[in-house]
Amino acid sequence: MAQIPAHIRLPARIDSLNPLLAFVRSCAERQGLGQERLQEIDLVMEEILVNIFNYAYPDLPGEVEVACRPADDGRLLVEVADAGVPYNILSREDPDLKAGIEERSIGGLGVFFVKQLVRDIHYRREDDRNILTLQIDSEPRP
């Protein structure tokens with residue numbers, strides 16, 4: 001029997017952050033993820049959502065939709081969608097962590113941490129929407 005994904009759609013504004021984080025945390029808790037992993041997921045989702053709030057809709061208000069469902073292999077699938085400016089966070093180069101602080105460009109660490117905490121992330125642009133799919137393991141990455 002196929003599971004219907006749970007989803008939430010809210011305005012892409014900073015005051016939507018806590019309800020969206022609570023929604024994803026609830027999905028992850030139902031999946032049985034431990035406290036350490038829940039905290040990592042909170043960080044990942046906050047980075048992704050705040051980027052959408054700040055950059056996806058530069059001129060007009062918009063919405064963000066988050067859907068969660070368990071995968072057959074025990075992972076949690078989280079899909080984040082917005083109809084904002086096309087942007088694939090995965091196309092951003094990882095920062096040079098060996099460079100001195102004055103040699104580094106501003107930004108990019110948040111996306112880098114997202115990539116470190118979530119093993120499988122996929123981006124697609126479909127029906128004029130950015131769709132980011134996260135396949136979250138129950139255990140933190142080593």
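Bear in mind these aren't lab numbers, they're just calculated from the coordinates by the rules spelled out. Nothing here was measured: the structure is a model prediction, and the numbers come from that model.
Inter-part distance, region 6-23 to region 54-68, computed on C-alpha centroids, equals 10 Å.
Multiplying the residue separation of H7 and E29 by 0.36 nm and removing their Cα-Cα distance gives an extension gain of 6.4 nm.
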